Amino acid sequence: AFVANAIGTGIKPQSLHPDASVRKLIHEAWLRSTDELDSDGLTDFYGLQAIILREMFESGEVFSRFRPRRPEDGLLVPLQLQIIPSEHLPYMDNRWNGGNPIRSGIEFTPYGKRVAYHLYREHPGLGALTMGGQANLQVPVSADNVLHLFQTVRAGQYRGQPWLVPVMVTLYELDQFVDAVMVRQKLANMFLGWQRRINPDDTGPMLPTTTLDGATADEG
């Protein structure tokens, strides 16, 4: 719902070129290019927008990498976008790279400018058994080729946080509450009680049941 209300079917750029014929050519080229921009070949430019915004909401951040292509690849514009989830940039990567500090996988100059992102080559969730030696291999990617998308909420922030963090504990407790209510109702429906009439043909109010020793169920 958030994605649908924020971008709808996608934010579409429009050329402001003064020549109408040139504007038409630009729009036609853009229309063709939108189907070629996804490096994974799964969606178009507007689908990429939806994925990016959903990642920002769930994970707090997402990375879009510019991937230049060769002319022989047959693309109208030799450029594609690769969407990289936040798991590819390790939070615990804090070290020095020569004279540049690396904080949570982001390399800065001594003056605070972003130089590179030290990204995992493969998603860490795939596991070492699946990817072999590639599982924990980090590759520095120039910051000029990466768009780091996140919402800045405080000074000095350099990584994003999931938008539901402030209410995550409450949502967890609410989930536990709903589960408990469902289990209680399920158990309550398993209990069954009945009364037996002295005269099976009697349609009047239920009477106490007599036991073998002559006592009623109420007395026993």
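Quick notes
- Selected residue [at pLDDT below 95 and either open to solvent by less than 80 Å² (accessible area, probe 1.4 Å) or part of a strand (DSSP E or B) (or both)] from PRO162, PRO140: PRO162
- Residue check for TYR172: open to solvent by 80 Å² or more (accessible area, probe 1.4 Å), of a type in the set (Ser, Thr, Tyr), at pLDDT below 95 and out of contact with any helix residue (DSSP H, G or I) (no Cβ under 6 Å at 6 or more places or on another chain): yes
- Neighbours by Cβ (under 8 Å, 6+ apart or cross-chain): first from region 21-47, in contact (Cβ under 8 Å) with a residue 12 or more places away in the chain; second open to solvent by 80 Å² or more (accessible area, probe 1.4 Å) and of a type in the set (Val, Ile, Thr): TYR46/THR9; TYR46/ILE11
- LEU89 surrounded by 14 or more Cβ atoms within 10 Å (Cβ to Cβ), in contact with a Gly (Cβ under 7 Å, 6 or more places away or on another chain) and not β-branched (Val, Ile, Thr): yes
- Filter pass, VAL153 being within 20 Å of GLY60 (Cβ to Cβ) and at pLDDT 95 or above: no
- Entry remark, region 81-117: residues being under 22 Å from the mean Cα position of the chain (by Cα) and more than 18 Å from GLY160 (Cα to Cα) number 2 in total.
- Test: residue in region 112-124 that is assigned to a helix (DSSP H, G or I) and either under 25 Å from ILE52 (Cα atoms) or free of Cβ contacts under 8 Å to residues at least 12 places away in the same chain (or both): yes
- Among (1) within 30 Å of LEU31 (Cβ to Cβ); (2) open to solvent by less than 40 Å² (accessible area, probe 1.4 Å), the one test that ARG65 misses: (2)
- Qualifying residues in region 23-80 (those that are among the polar types (S, T, N, Q) and in contact with a helix residue (DSSP H, G or I) (Cβ under 8 Å, 6 or more places away or on another chain)) - the one nearest to GLY160 (Cα to Cα): SER59
- In region 92-119, the residues that are open to solvent by 40 Å² or more (accessible area, probe 1.4 Å), hydrophobic (A, V, I, L, M, F, W, C) and more than 22 Å from GLU58 (Cβ to Cβ): TRP96, VAL115
- Of the helices (runs of 4 or more DSSP H) lying entirely inside region 1-89, the ones with 2 or more residues being touching a strand residue (DSSP E or B) at 6+ places or on another chain (Cβ under 6 Å) and of a type outside the set (Phe, Trp, Tyr) are found at 45-59.
- Restricting region 177-194 to residues that are part of a helix (DSSP H, G or I) and open to solvent by 80 Å² or more (accessible area, probe 1.4 Å), the residue that is nearest to PRO90 (Cα to Cα): PHE177
- If you go through region 143-159 and pick out every residue that is open to solvent by 90 Å² or more (accessible area, probe 1.4 Å), small (Gly, Ala, Ser) and not in a loop (DSSP other than H, G, I, E, B), you end up with 0.
- Considering residues of region 149-163 that are without any contact (Cβ under 8 Å) to a residue 12 or more places away in the chain and either in contact with a Leu (Cβ under 8 Å, 6 or more places away or on another chain) or among the aliphatic types (A, V, I, L, M) (or both) only, the residue farthest from PRO85 (Cα to Cα): ALA155
The values are calculated or read from the model by the stated rules, or taken from the named source; none is laboratory data. Treat the numbers as computed from the prediction; the structure is a model and nothing was measured. Reconstructed Cβ throughout: ideal geometry from the backbone, glycine too, with neighbour counts over all protein chains shown. We work out accessible area using only protein heavy atoms, side chains counted, and drop any ligands, DNA or RNA first. Shrake-Rupley method; radii C 1.70, N 1.55, O 1.52, S 1.80 Å.
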